[in-house]
Amino acid sequence: MKDKGAALLITVMLIAAMTYLITELTYTSRVNISSTQNFVNRMKAYYLARSGVEAAKLLLSYDLEQDRENHKRLDYIAKWEENPLNQQSFDEVWSYFATDRPPIPLRDFGAVSLKIEDEESKINLNAINRGKASEKGLRDPEIRRFVSYLEKLGVDPDVAESFVFPLIDWIDYNDDPLPDGAESAYYLTLSPPYEARNSMLPHFSDLFMIKNSTIELMKKIAPYVTVYPKEKTKNFFLNVNTAPAKVLMYLSPDIDEEMADEIVQAREEGPFETMADFKDVLADVGLTEDEIRDIITFSSKYNLRVRLYSDTFSVRSTGFFSDSSVTIDTVLRRRGNNRFDVYYWSIH
Ligand SMILES: [Ca+2]
Ligand SMILES: [Ca+2]
């Protein structure tokens, strides 16, 4: 059965690739190839990149169907054999592409490289929009957690504290500045002038427009934060089955880097199948019952809740044909029945 699953997946990926290529080849056979060879090669690379995105969607859809059949939602990075066809189980097949893999050659048709990343393995900065910060300022526990986390990543405490309130103002829907914050009244004095976003961060690059953001700060946080999903919602989620150690430290000031590494090591034995599994490991690394309760209740009380699965993934797919290559970067939200919302789409 497992071999059948593997064969099916590979076939499906090839069909996805072929469908785009055939469409494209039919078109190019009708144009004057000799005068436009570079353009044609680039088109082929583009369609290969599109095929990669389609393949990623198929893998993510297949994974969700498996979870639903098993009545258990889980997403984690499975361990993979060198040759995925030797893999015993195709559980979490999308995660084969969660690490850097060489491009997949498609014989005379070029090659595709694919990377799938779980966006919910990172801290969603949009979750910090809570609208209560004005009363408590730095005494607000969520703000304290955020600032102390930035410090753990090596951000200067003054930089962290001076950035958090402008960040909240940038995202919150009103145009009234917090003490130490900044709203449109400030940004309109800049050259060129602009207004505060007053809405969810649509893209990481938005952070550069916020008062007191520095390149240094952005470099330090970039690998561990996300803005996806970005719609108005009560809850954002952090998948503790995929979050790297540097992100797990965000859960509590009581988790230092060494403990976070131990949590990741424990997870290598197999994913947390239940929240109880996760709590057991938190206890094993030395957290007290109270500290564990704090992590779980804190996360449910505030906006960024811990859970064991994900729905938002970024995909980078590059098509190679002759000496041309085209990359598509996209962020997709998995909705089931092969449906995806597209949060971001960029071709370069
Ligand atoms: Ca899964
Ligand atoms: Ca605002």
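The values are calculated or read from the model by the stated rules, or taken from the named source; none is laboratory data. The shown structure was predicted, so the numbers you read here are calculated from the model rather than taken from an experiment. Note that each Cβ is placed from the backbone with ideal geometry, even for glycine, and that neighbours are counted across all protein chains shown.
Give the residue, chosen from M259, M275, M249, that is of a type outside the set (D, E, K, R) and touching a residue at least 60 places away in the same chain (Cβ under 8 Å).
Working: M259 fails: touching a residue at least 60 places away in the same chain (Cβ under 8 Å); M275 fails: touching a residue at least 60 places away in the same chain (Cβ under 8 Å).
Checking each option against the conditions leaves just M249.
Within region 144-182, track down each residue that is free of Cβ contacts under 8 Å to residues at least 60 places away in the same chain, among the small types (G, A, S) and more than 14 Å from ligand 2 (Cβ to nearest atom).
Residues satisfying the conditions are A160, S162.
Under the condition of being among the aliphatic types (A, V, I, L, M) and part of a helix (DSSP H, G or I), which residue from region 70-93 is surrounded by the most Cβ atoms within 10 Å (Cβ to Cβ)?
Just the residues of region 70-93 that are among the aliphatic types (A, V, I, L, M), to begin with: 74, 77-78, 85, 93.
Filter again for part of a helix (DSSP H, G or I), leaving 85, 93.
Working: L85: 11, V93: 21.
The residue in question is V93.
Condition check ((1) assigned to a loop (DSSP other than H, G, I, E, B); (2) over 30 Å from R50 (Cβ atoms)) across all residues:
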residue: A266; (1), (2): no, yes
residue: G270; (1), (2): yes, yes
residue: A283; (1), (2): no, yes
residue: R293; (1), (2): no, yes
residue: F298; (1), (2): no, yes
residue: S317; (1), (2): no, no
residue: F320; (1), (2): no, no
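Under 7 Å between Cβ atoms, which residue pairs at least 6 apart in sequence (or on different chains) link something in region 61-89 that is under 20 Å from E117 (Cα atoms) with a partner that is among the β-branched types (V, I, T)?
Note: pairs meeting the criteria are Y62/V93; D63/V93; D75/T242; Y76/T242; I77/T242.
Sort out which residues of region 141-199 are surrounded by fewer than 18 Cβ atoms within 10 Å (Cβ to Cβ) and in contact with a strand residue (DSSP E or B) (Cβ under 8 Å, 6 or more places away or on another chain), and write them in order of number.
Answer for region 141-199, where residues must be surrounded by fewer than 18 Cβ atoms within 10 Å (Cβ to Cβ) and in contact with a strand residue (DSSP E or B) (Cβ under 8 Å, 6 or more places away or on another chain): there is none.
Considering each of I123, I128 in turn, give the residue that is within 16 Å of ligand 2 (Cβ to nearest atom) and of a type in the set (V, I, T). Before you say what the answer is, go through the steps one by one.
Values: I123 fails: within 16 Å of ligand 2 (Cβ to nearest atom).
I128 is the lone residue from the list that is within 16 Å of ligand 2 (Cβ to nearest atom) and of a type in the set (V, I, T).
The rows are residues; the columns are (1) out of contact with any His (no Cβ under 7 Å at 6 or more places or on another chain); (2) closer than 27 Å to T312 by Cα; (3) outside any loop (DSSP other than H, G, I, E, B).
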| position | (1), (2), (3) |
| --- | --- |
| R145 | yes, yes, yes |
| W170 | yes, yes, yes |
| F208 | yes, yes, yes |
| K211 | yes, no, no |
| K220 | yes, yes, yes |
| E231 | yes, yes, no |
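Among the listed residues Y62, Y96, which satisfies the condition of being modelled with pLDDT of 85 or more, under 22 Å from F313 (Cα atoms), in contact with a Pro (Cβ under 6 Å, 6 or more places away or on another chain) and crowded, with 17+ Cβ neighbours inside 10 Å? Give the derivation first.
Values: Y62 fails: in contact with a Pro (Cβ under 6 Å, 6 or more places away or on another chain).
None of the other options fit; the residue is Y96.
Among the residues of region 265-301, count how many are among the β-branched types (V, I, T) and surrounded by 15 or more Cβ atoms within 10 Å (Cβ to Cβ).
In the first step, residues of region 265-301 are kept if they are among the β-branched types (V, I, T); the result is 274, 281, 285, 288, 292, 295-297.
In the following step, the residues that additionally are surrounded by 15 or more Cβ atoms within 10 Å (Cβ to Cβ) were identified as 281, 285, 292, 295-296.
Qualifying residue count, region 265-301: 5.
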